[in-house]
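One structure is given below, encoded as structure tokens.
The values are calculated or read from the model by the stated rules, or taken from the named source; none is laboratory data. Nothing here was measured: the structure is a model prediction, and the numbers come from that model. Using ideal geometry, Cβ is built from the backbone for each residue, glycine included, and neighbour counts are taken over all protein chains shown.
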Amino acid sequence: MTTTHDHPTRRTAIIGALLLPLLPRRAAAQAVSGERSQREIALRIARELIIPRYRALAAETGSQAEAWRSFRARPEAGALASLKRAYGAAADAWSGIEAVRSGPIAEDSRYERIAHWPERRNAVSRALTSLLAGDEPFAPERLRRASVAGQGLTALERLLYGEAEGGTDAAARAIAAPDKAGARRRDLGLAIAEGVDRIASEVLAAWTGPELARWEAPGPDEAREALTRLATDHLAMLEVIQDAKINAVIGRDSDEARPLLAEGWRSGRSLRAISIGLEEQEAFARAALAHDPDQLQSVVAGLATARSLAGELAAKPASIGAVAADASGRMRLVLLRDAVASAREVAGPALSESLDITIGFNSQDGD
């Protein structure tokens, strides 16, 4: 009888054959294991995604501030349409970058001062009431000292569209009124719009200046930390879309639907904001995973259903409340929620493996 020995060369060949299907993914993961590769990815995200979108935000908030200056000079009810168009464009630009919560936007409460949502205990209305009640001029420092709830796009929406359902006409009359109260509202609207524009410009200047310079010559582990923060930010935003922007609104059944919890329901932007946010998620994946086609394809495929559903819903004129109240519409929202959850489950491991990072806690958890 012949005895077959397990020769080391034979073992190596067998193990190599077993591991062969894993090599492309391992090679992709190893490709970013060095600081230089992680730096290149971080810079690609900054240059292709973050800076262009903050530039768009600064442009739209600048246009919005100019629209308020024009309206303040000639406060006619018919001119409100231009304010609303400018608001919609600025809000769209914000939805296209709001996933990024780290970096310059995190300093000096800038994020919350641009958009205070989800709103708790009617904070925006209370802040606006307090600001409108006084007679002190709305100098920049005066507004900065006020509650963040009264400083951003959420507050501007309230001024333009009113406090409650069907309040648009009343809001239009109040903001165009020729009396002292109307002038006070216009002054506040302009001050808020200029404040939002100032923040957007500051953030853009930071990203095109010192922040980008720091990413171009990062210290030890800084590139890895930057990628970790950005990946965490984006996974957290998928969770926000799933839980706060959809699930909290539709409730467990149609009787428990709470459409007034939706982001931007006054301006009818709830579904549009979700659609734009999901588009940004794909753009982030394309910048972050360009070096790893397999993982990129899996993440993009994971987002495809959610993006398709969101785009379909956003294209219709119905509000998210009306959609949630309709049986077939509600089912589409449930499918959208579940598709976002599925996309998040795919994106987390893909980003972690491909970028060679350990994704941390959600910055909104307060840990």
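Do you know which residues across region 244-264 are of a type outside the set (A, V, I, L, M, F, W, C) and either farther than 19 Å from R121 by Cβ or surrounded by 18 or more Cβ atoms within 10 Å (Cβ to Cβ) (or both)?
Narrowing region 244-264 to residues of a type outside the set (A, V, I, L, M, F, W, C): 245, 247, 251-256, 258-259, 263-264.
Residues satisfying the conditions are K245, N247, G251, R252, D253, S254, D255, E256, P259, E263, G264.
Which residue out of A322, A285 is in the same structural domain as I357 (by TED's automatic domain parsing), of a type in the set (A, V, I, L, M) and under 21 Å from V240 (Cβ atoms)?
The conditions single out A285.
Kindly list the number of the only condition in (1) under 30 Å from R344 (Cβ atoms); (2) touching a residue at least 40 places away in the same chain (Cβ under 8 Å) that fails for A115.
(2)
Out of all the residues in region 265-274, is one or more buried (at least 22 other Cβ atoms within 10 Å of the Cβ), polar (S, T, N, Q), at pLDDT 95 or above and closer than 18 Å to S95 by Cα?
yes
Taking D255 as meeting all but one of (1) part of a helix (DSSP H, G or I); (2) touching a helix residue (DSSP H, G or I) at 6+ places or on another chain (Cβ under 8 Å); (3) of a type outside the set (K, R), write down the number of the exception.
(2)
Between a residue in region 298-324 that is farther than 13 Å from E282 by Cα and any residue that is of a type in the set (F, W, Y) and surrounded by fewer than 20 Cβ atoms within 10 Å (Cβ to Cβ), which pairs come within a Cβ distance under 7 Å, given they are 6 or more apart or on different chains?
Pairs found: S319/W265; I320/W265; G321/W265.
Specify the residue that is nearest to A288 (Cα to Cα); the eligible residues are those in region 343-356 that are free of Cβ contacts under 8 Å to residues at least 60 places away in the same chain and out of contact with any helix residue (DSSP H, G or I) (no Cβ under 6 Å at 6 or more places or on another chain).
P349
Which residue is farthest from the chain's Cα centre (by Cα), if the candidates are limited to region 161-202 and must be under 15 Å from A79 (Cβ atoms) and outside any helix (DSSP H, G or I)?
Checking each candidate, the answer is P178.
Among the residues of region 294-311, are any out of contact with any strand residue (DSSP E or B) (no Cβ under 8 Å at 6 or more places or on another chain) and either at pLDDT below 95 or assigned by TED's automatic domain parsing to the domain that holds I114 (or both)? It would help to see each step written out before you state the result.
Kept after step one, since they are out of contact with any strand residue (DSSP E or B) (no Cβ under 8 Å at 6 or more places or on another chain), are these residues of region 294-311: 294-311.
Now narrow it down to the ones that are either at pLDDT below 95 or assigned by TED's automatic domain parsing to the domain that holds I114 (or both): none.
Taking every residue of region 294-311 in turn, none turns out to be out of contact with any strand residue (DSSP E or B) (no Cβ under 8 Å at 6 or more places or on another chain) and either at pLDDT below 95 or assigned by TED's automatic domain parsing to the domain that holds I114 (or both).
Go through (1) free of Cβ contacts under 8 Å to residues at least 60 places away in the same chain; (2) under 18 Å from A306 (Cα atoms) and name the single condition D255 misses.
If we test D255 against (1) free of Cβ contacts under 8 Å to residues at least 60 places away in the same chain; (2) under 18 Å from A306 (Cα atoms), just (2) comes out false.
Any idea which of (1) over 22 Å from the mean Cα position of the chain (by Cα); (2) at pLDDT below 95 is the one M331 doesn't satisfy?
(2)
What number of residues within region 140-158 are among the hydrophobic types (A, V, I, L, M, F, W, C) and touching a Leu at 6+ places or on another chain (Cβ under 7 Å)? Walk me through it before giving the result.
At the first step, the residues of region 140-158 found to be among the hydrophobic types (A, V, I, L, M, F, W, C) are 143, 146, 148-149, 153, 155-156.
Add one more test, that the residue is touching a Leu at 6+ places or on another chain (Cβ under 7 Å), and what stays is 146, 155.
Qualifying residue count, region 140-158: 2.
Which residue is farthest from R36 (Cα to Cα), if the candidates are limited to region 283-301 and must be charged (D, E, K, R) and surrounded by fewer than 18 Cβ atoms within 10 Å (Cβ to Cβ)?
So, considering only residues that are charged (D, E, K, R) and surrounded by fewer than 18 Cβ atoms within 10 Å (Cβ to Cβ), the one farthest from R36 (Cα to Cα) is D294.
Of all residues in region 140-176, which are hydrophobic (A, V, I, L, M, F, W, C) and in contact (Cβ under 8 Å) with a residue 40 or more places away in the chain? Lay out the reasoning, then the answer.
Residues of region 140-176 that are hydrophobic (A, V, I, L, M, F, W, C), as a first pass: 143, 146, 148-149, 153, 155-156, 159-160, 164, 170-172, 174-176.
Within region 140-176, L143, L153, L156, L160, A172, I175, A176 qualify.
Just to confirm my filter: which helices (runs of 4 or more DSSP H) fall fully inside region 37-146 and include at least 2 residues that are at pLDDT 95 or above?
Qualifying helices (runs of 4 or more DSSP H): 51-73, 80-95, 110-114, 123-133.
Please work out which residue is nearest to R69 (Cα to Cα), limiting yourself to region 203-224 and to residues that are in a helix (DSSP H, G or I) and among the small types (G, A, S).
If we take residues in region 203-224 being in a helix (DSSP H, G or I) and among the small types (G, A, S), then A205 is nearest to R69 (Cα to Cα).
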